[in-house]
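Worksheet: one structure, shown below.
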Amino acid sequence: MKRFAHSGLHLMANLHEVDLGLTLMTRVDHCQHFCRKVVSDAGLTIVGESFYGFGQGQGVTGALVLAESHLTIHTWPESRYVTLDVFVCNYQEDNSDKASRVFEAVIAAFSPGHVDRFEVQRA
């Protein structure tokens with residue numbers, strides 16, 4: 001198996017005590033637009049997507065499939081809780097900074113009281 005110098009960065013977070021971002025947590029159109037914008041602003045390429053809202057005032061689940069890998073988000077407004085997953089493959093170039101920009105932008109938008117962060121270097 002050939003190893004690459006920059007094979008991938010997988011960033012995951014559990015956002016607790018979310019007070020801001022209620023619109024992002026409950027409005028599928030707002031969440032989808034926001035995720036598309038932060039990915040595009042970071043210079044990553046969207047090749048597919050699926051977002052689903054569970055009803056008025058309920059959570060949202062969404063995924064952007066990227067040429068570089070993916071972003072997924074799941075919200076639970078009733079628990080003030082969000083999960084976030086950003087993974088980028090780095091076979092042509094190191095996209096770690098782009099992944100970090102997306103990750104931090106999403107976290108900032110929800111303004112959680114507490115964040116559990118996880119980082120995995122994929123090989």
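The values are calculated or read from the model by the stated rules, or taken from the named source; none is laboratory data. This one's a predicted model, so the numbers in the text were calculated from it and none came from an experiment. For neighbour counting, all protein chains shown are included, and Cβ atoms are generated from backbone atoms with ideal geometry for every residue, glycine included.
Structural remarks
- Residues in segment 65-84 that are aliphatic (A, V, I, L, M) and closer than 17 Å to D41 by Cβ: L66, A67, L71, I73, L84.
- Within segment 4-34, the residues that satisfy the criterion of being assigned to a helix (DSSP H, G or I), without any contact (Cβ under 8 Å) to a residue 60 or more places away in the chain and either buried (at least 16 other Cβ atoms within 10 Å of the Cβ) or small (G, A, S) (or both) are T26, V28, H30, C31, Q32.
- Criterion: assigned to a helix (DSSP H, G or I), over 12 Å from the mean Cα position of the chain (by Cα) and of a type outside the set (K, R) - qualifying residue of D116, D97: D97
- Of the residues making up segment 82-96, those that are modelled with pLDDT of 95 or more and either of a type in the set (A, V, I, L, M, F, W, C) or more than 23 Å from V18 (Cα to Cα) (or both) are V82, L84, V86, F87.
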